[in-house]
Amino acid sequence: MNQDQLFGRVSRPSRYLGGELGTVSKDLASVEVSCALAFPDVYEVGMSHIGLPMLYHAVNCLDWAAAERVYAPWPDMAAELRQNGLPLTSLESQRPLAEFDLLGFTLQHELSYTNVLAMLELAGVPLRREQRDAQAPLVVVGGPCAYNPEPLADFIDCAVIGDGEEAIVDLCRVVREAKRAGSSRAQLLEELARIDGVYVPSLFDVVYHDDGRIAALQPLRKDYAKVRRRVLADLAAVDYPVTPIVPFMNTVHNRVAVEIARGCTRGCRFCQAGYIGRPLRERSLEQIVDVIDRSLGHSGYDEVSLLSLSTGDYSCIGPLLKGLMDRYREERIAVSLPSLRVGSLTSELMEEIKKVRKTGFTLAPEAGSERLRQLINKGISEEDLLVAADSAFSLGWRIIKLYFMIGLPTEREADLDAIVDLAARVKRTGKGTPGGADVNVSVSTLVPKPHTPFQWQRQIGIDETLAKQDALRQKLRSKKLRLKWHEAQLSFVEGVFARGDRRLAPVLERALALGCRFDSWREHFRFDLWQQAFADCGIDPAWYLRERSTDEILPWDHIDCGVSRQFLLDEWQRALSGTATVDCRDGGCTGCGVCDFETVRMRYATDHGEVAAVAAKPVGAAEVVSPEDEEPCKVRLWVSKLGRGRFVGHLEFMTVVHRAVRRAGLPIRYSGGFHPAPQISFPDALPTGVESETEIIDLKLRHPLAAQELAAALNAQLPAGFAVERAEAVPWKTPAPSLCIEETTYRLPLAEQAPADLPKRIALFLAAEEVHATRLKKGREQQVEVRAGVVDVQWRDGALLLRLSKGSPTLLAGYLLGLAPEKTAVLGLRKTAVRLCTPLSE
C-alpha cells in the first residue's frame, strides 16, 4: 500500500498531497545535499509560519542542494502510516525522511517536542543521537526554543542559534564537503561546530550538584566554550522569497506575509523574542512594496500581512500603510497589521487602520496595574490604552480583545483587581458608539524564558494559576465581561521544558511512548500521561519552575544570545525596583551588548535618505473599469480534477479556482456589500477522492474575453491535477451550475474486485421503489434513501456505470458493492459526464 491509498481514509488529505503552486521540485539524485525542513505541527499551522519559506528559498537557490518540506501528520494519518508500515515522507518527492542528508526542525514552542520525536519515529530514524549511524540524516533544530535546546540535546546533532538564512547555507556546504571527503559523523560534527551560530551538544558535558543544580557546563574543546548567536546584520543581504507556496486548503493565515522588520527596541522584560531578536533591522520601504507586488502576482491572495514584533513601530509605517491602501484598494486587497503596540497607535495610523477589515481589535497591556506595567517595562499608561480603545470603537470596531498575564513577579491581589477595573473602563469607552461595544479578556500564565531578565523568576504552579483564573472569572462576570485563559496544565509543562536540562530526555521518550502528541492542542493534550511520564522517570517537574539564584549555572549559559548576562541581571534588579529602561530607538544605547556598531547595529528604513512615496498603482496593473462602462458577460468552464487533485475537498477546490482567477488577472466581477466576493459559481460538492472530467464553473466578467484566451490564462495558473478542458460564453441568464445540471454519470472500474452477484444486486436495486443505505456522519450512523435520485445503473466492460439526478455516488456504489462509501472513491470512481438543461436565450 502507498500513501495515495491512505488519503481516502484520513481527514483533510490535502495536507499531504504536495504539488502546491510555488513548490520547488529538484531531482534529488542530481544534488549533493538534500535537506528536509520539518515543522512539528499540522500542515495548516506550519504553512502559516514565515521562517520556513525563507530557509526553503535559501537552500533551493543553491544548484547543488535541495530543500523539501514535511509537517507533523495528524493522528489519523500517523496511525495509518504505523499500521501499514509506511515511513513519513517529504511533500515534494515523497522521499522517506531517513534518506535525506539533513532533517531540520523549527522549534517555535516547547509543547512541540513530542511531535519532533514522533516524526523521527515515523521516519524510522533512531531517536537518540548515539543510536544513529553515519547513514542517518543529520538532525538539526532552530527557532526560538533552540536558545535552550538542552531537553532535546540527546536527540539532536546540532542546533542553529539565531538567524538561519545564511547559517543553513553554511551548514549545507559543510555537509557537502564532508560527503566528498568521506568524513565520519564525529568529524562532521567537529566541522559544524566551527560555523558561527551552530551548537553541537555532544561537545559539552554537564556535571550536576547533589541537589540537582548544574555544577559545570564542560566544553570538550577549549575553543568552543560558548556558542554565539548568528545574526543576519542586514536583511537586504539575502533574497526574500517572492513565490509563496500556495496551499490547496485554507491555512491559519491565508495571505501574503511580509516581514517588514526583525527585532524590537522596546525591552519588555518578559519577552524572549525581544531579546533574542536584537538589534532592530528594518527592511526598506521599496523592498517591502516590491516583495508584496511580486508575491501577490504569484499567489492570488487577497490580503497582505505586515509582520514584525511591533509593526506599528516601523519607522515608515504611516507612508507604507497609506501607500499600500491606496495602491491595492481597487484590486480589493486588504492589508492587516497583526502586531500593534498601544504606544505606536497615532491618530494618523488609526485613520489608515480603519480601512482594514474590522474583525477584532487587539490590545496587550499585559498587566492591569501601572505598577506591574512599570515592572515589566511595558511603557504604556492606562490613559494611552483608553485613548486607543476609544479611537478603535469610534472608528467602527465592535470588539476589543485585551491580553494580560498572571504570575508576574511581585503580583498581588490588587493587581488582579486592576485587570478587572481596566477591562471595565475600556468597555465604557465604547458606550454610545454605533453598534455597541464589547471587550473580551484573555489571560495567560507567565512562563519565564531563557535569555530574559525573568529567567531567574519562579513560575506559579497549577493550583495558584487556577485560583487566580477563578477569581478573575468571577469578578469579570460581575462586570458582564468574558474571560478566556490558557490552561494551567499546558503552561506547567511548557515551563518545565522552557528552563529544562538534559535530564528531561527520558521524560520526553516516556511521554512519546505513552501517546503524547500535539500537546499544544487542547483536544490532544493529556496531562495525566505527562504526570505518569515524570513519575516513571523519577523527575519532580515542579523543581524546574522554582526561582533560580542569580549565581546559579543555568542550562543555557553556554548559549550566547548576544545580550550580556550582566545586562539581564541589571534589568532584573530594575524590574524589582520598578525602574524603566528607555527604548533604545530614541532614548540612547542601553548597553545590552548586542551591537558592535559597525556590522551588527540598528538599521532603519530611513537610513538611505528620504523615503519615496509608494506608487499609487503597481507597474502593469490593469485599468479599473467603472460600473457604468462595464460590458458584463458570463463564461462557462468545464474543469477536470484528476490524479492527486481528487483529494482536494470542495471548499479547497473553490479556493484553488479563486486564486487562479486572481493570478491570471481575469476581469472578474464582484458582488456588492461590505465584503465583496468574486462572482464565480460552482456545481454541487463532489465527494473528496472522486475524480472528475467535467466540473462546471461559471465566471461573471466585467467585459468580454475570448473563451480560449481565458482558458489558456487559467491553465497557466492552475496547479497539477486541475485543467480547463473547455470554455465557452453562455447567455447572462443561464442558471448557475448547481441549478442546471440535470444528470451526472460516474464510472467505477472494478475488474476482479466486482462481486460475483453484482448484476443481481443491480437488478434488485433498480426494481425497488425505496432503498436505504448507511453512512457515518460525525461518528454516528445515519440511514439515507439512495434510490430516488438514481436514473440508471449498469455493469459493463468491467466497470460500474452510475447515472444520477441527485445523491452521492460513493454512497450508492458502496451500497451495491457492500463497502464503506469512502472506500469506493479509492477504487477510482470518476465523474465522466453531465447533462445540462437547455440554456436560456438572452
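Sort the following peptides by mean Cβ neighbour count (other Cβ atoms within 10 Å, averaged over residues), highest first: 577-587, 743-753.
Numbers: 577-587: 14.2, 743-753: 16.5.
Top to bottom by mean Cβ count within 10 Å: 743-753, 577-587.
Could you derive backbone 3J(HN,Hα) for the range 793-801 from the dihedral phi with the Karplus parameters 6.51, -1.76 and 1.60 (θ = phi - 60°), listing whole Hz in sequence and x where the residue is Gly or Pro?
9, 9, 10, 8, 6, x, 9, 8, 10
Of 762, 19, 513, which is farthest along the charge dipole of the chain in the positive direction, counting Lys and Arg as +1 and Asp and Glu as -1 at C-beta?
762
Where the only charges are on Cβ atoms (+1 Lys, Arg; -1 Asp, Glu), what is the dipole of the chain about its Cα centre, to the nearest 20 debye?
About 1700 debye.
Over what distance in Å are the Cα centres of the range 130-144 and the range 32-86 separated?
15
Calculate, for residue 395 and residue 768, the FRET efficiency according to 1/(1 + (r/R0)^6) with r their C-beta to C-beta distance and R0 56 Å; round to the nearest 0.05.
Calculated value: 0.35.
Per residue of the range 10-24, in order, report the coupling 6.51 cos²θ - 1.76 cosθ + 1.60 (Karplus, θ = phi - 60°) as ³J(HN,Hα) in whole Hz, putting x for Gly and Pro.
With coefficients 6.51, -1.76 and 1.60, one gets 10, 6, 6, x, 5, 4, 10, 6, x, x, 5, 4, x, 6, 10 Hz.
Any idea how far apart residue 425 and residue 237 come out in nm if each label point goes 7 Å out from Cα toward Cβ?
Each label point lies 7 Å from its Cα, and together they span 4.6 nm.
Any chance you could run the full-extension gain for residue 470 through residue 756? It's 0.36 nm times the residue separation minus the Cα-Cα distance, nm to one decimal.
Details: separation 286, 0.36 × 286 = 102.96 nm, distance 6.53 nm.
My answer for the length gained is 96.4 nm.
Quick one: of 322/641; 475/777; 700/831; 778/831, which pairs are farther than 30 Å apart, Cα to Cα?
From 322/641; 475/777; 700/831; 778/831, over 30 Å: 322/641; 475/777.
Roughly how big is the range 484-597's charge dipole about its Cα centre, with Cβ charges of +1 (Lys, Arg) and -1 (Asp, Glu), in debye to the nearest 20?
On the way: 13 positive and 19 negative charges, 62 e Å.
Charge dipole of the range 484-597: 300 debye, to the nearest 20.
Give me the number: length gained by fully extending residue 606 to residue 738, i.e. 0.36 nm times residue separation minus the C-alpha to C-alpha distance, one decimal in nm.
Extending this stretch completely gives an extra 42.1 nm.
Residues of the chain: accessible area per residue at 1.4 Å, in Å²?
On the way: 35050 Å² over 842 residues.
Using a 1.4 Å probe on heavy atoms only, each residue of the chain averages 42 Å².
Mind checking the dipole of the range 720-842: about its Cα centre, +1 per Lys or Arg Cβ, -1 per Asp or Glu Cβ, Debye to the nearest 20?
Approximately 300 debye in magnitude.
If I ignore ligands, DNA and RNA and count only protein heavy atoms, how much of residue 26 is accessible to a 1.4 Å probe, in Å² to the nearest 10?
50
Express in Å², to the nearest 10, the accessible area of residue 572 obtained by rolling a 1.4 Å probe over the protein heavy atoms while all chains stay in place.
Approximately 20 Å² of residue 572 is accessible to the 1.4 Å probe.
Under 5 Å between amide H atoms, partner at least 5 residues away or on a different chain: which partners does residue 309 have, H built in plane at 1.01 Å?
Under 5 Å from the amide H of residue 309 lie the amide H atoms of 263, each far enough along the sequence or on another chain.
Place a point 7 Å from Cα of residue 131 in the direction of its Cβ. Which residues in the range 156-179 have their backbone N less than 16 Å from it?
156-157
Can you work out the Karplus-derived ³J(HN,Hα) for every residue in the range 505-512? Use 6.51 cos²θ - 1.76 cosθ + 1.60 with θ = phi - 60°, whole Hz, and x for glycine or proline.
For the range 505-512, the Karplus-derived couplings read 4, x, 5, 4, 4, 5, 4, 4 Hz, x marking Gly and Pro.
If packing is taken as the average number of other Cβ atoms within 10 Å across a peptide's residues, how do 260-271, 174-185 rank, most packed first?
Ranking the peptides 260-271, 174-185 by packing returns 260-271, 174-185.
Past 22 Å, Cα to Cα: identify those pairs from 378/449; 226/378; 634/806, in the order given.
Among 378/449; 226/378; 634/806, the Cα-Cα distance tops 22 Å for 226/378; 634/806.
Amide H of residue 335: which non-local residues (sequence gap of 5 or more, or other chain) have their own amide H closer than 5 Å, using H built in the peptide plane?
Amide H to amide H, under 5 Å and 5 or more residues apart or across chains, residue 335 pairs with 304, 357.
Peptides 53-62, 224-233: what's the order by average Cβ count within 10 Å, highest mean first?
Top to bottom by mean Cβ count within 10 Å: 53-62, 224-233.
With a ≥ b ≥ c the root eigenvalues of the C-alpha gyration tensor of the range 89-174, is it rounded (a/c under 1.5), prolate (a/b larger than b/c) or oblate?
Rounded shape, in that the Cα axes give a/c under 1.5.
Put 77, 47 in order of accessible area, largest first, 1.4 Å probe: what do you get? Write out the running numbers ahead of the final one.
Numbers: 77 5, 47 35 Å².
Sorted by accessible area, descending: 47, 77.
Starting from the 7 Å offset along Cα-to-Cβ, what nm value, one decimal, do you get for the label separation of residue 207 and residue 24?
Inter-label distance under the simple model: 4.6 nm.
The values are calculated or read from the model by the stated rules, or taken from the named source; none is laboratory data. Just so it is clear, the model here is predicted, and its values are computed rather than measured. In this analysis, Cβ positions are derived from the backbone assuming ideal geometry, glycine residues included, and neighbour counts consider all displayed protein chains. Side chains included, ligands, DNA and RNA excluded: accessible areas come from the protein's heavy atoms. Shrake-Rupley method; radii C 1.70, N 1.55, O 1.52, S 1.80 Å.
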